[in-house]
Amino acid sequence: MLLGKKNNENHFAFIFGLFLIAQIKLDAQATKFYSKNTNIVFDATTKTSPEKISGSTAKAATIVDLAAKKIDVSMLVKTFHFDKALMEEHFNENYMESDKFPKGVFKGTFETGSGFDINKEGVTEVKVKGDLTIHGISKNITAPAKLTIKSGKIVKAECSFNISLDDYGIKIPSLVNDKVNKTVSLQIKTDLEPLVK
C-alpha cells in the first residue's frame, strides 16, 4: 500500500510538472500575435479631386512580438483594390510599378511606456518607430498606435500616419498633378490572435 501511494504521488508530480511546462510554453507563445487579414486603407484625395482617390487591402500580414517590442507588417501591392478598375490599373502600372516593386513592408518597434501591463484590459496608446519600404525605397517613420488588450492578449492594433509620395519616388503625371494629393494618409487596422508554432 505504501509503495502504491508513493507511485501515485510520483505520477501526480510528473503530471503536474508537465502541466507547468505546458503553461510556461503557452505563456511564452502568448507574447507573439499575428494576423493574415490586416486592413490597410490609403487616401490621396484632394479638394480638387473629381472623385475619391482611395484604395484598400484586407490581405496584409502582421506579426507583433510583445517580448521584443517588434512589429512587422507586409503586403502585396496588387492586393489593393479600388472602386474603379481604371484607377486600380493606373495605381499598379503608373504609380506603384507593382511588377517591379511587388511588396510593401514595415519593420519597427513600439514603446509601451513604463505603465504598460498586458493583463490590464482596454486600449493602450503606444508609439511605433521603424522603416517603411514601398516602391523600393525605405524611410523611417514614427507614428502613434493603439493596442487593445483583452484577457491578457493583444486582440487589436491600429495606426494612422501620413507619407509623402516624393519621399518614395512616386511620380504624379502633370495632367493630374492637382488632383492627386502628394501627402497620402494611411490607416492600418488589424485583429490579432496568439501565434502558435
message = Quick check: pseudo-label points 7 Å beyond the Cα along Cα→Cβ at residue 158 and residue 131, how many nm apart are they?
response = 3.0 nm
ask   = Which Cα, out of 187, 148, 170, lies furthest along the positive dipole direction of the range 97-197 (beta carbon charges, K/R +1, D/E -1)?
value = 148
note = Expressed in nanometres to one decimal, the distance between label points 7 Å along Cα→Cβ at residue 183 and residue 72 is 3.2 nm
message = If I stretch the segment between residue 171 and residue 121 completely, what's the gain in nm (0.36 nm per residue apart, minus their alpha carbon distance), one decimal?
response = 13.6 nm
inquiry  = Give me the extension gain from residue 65 to residue 88: residue separation times 0.36 nm, minus the current Cα-Cα distance, reported in nm with one decimal.
reply    = 4.9 nm
query = Do any of 100/127; 36/70; 47/182; 59/103 go past 20 Å between their Cα atoms, and which?
reply = 100/127
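Read-outs: derived from the displayed coordinates by stated rules, not from any lab. In this text the structure is predicted, and so the values were computed from the model without any measurement. Neighbour counts are summed over all protein chains in view; Cβ atoms, including those assigned to glycine, are modelled from backbone coordinates with ideal geometry.
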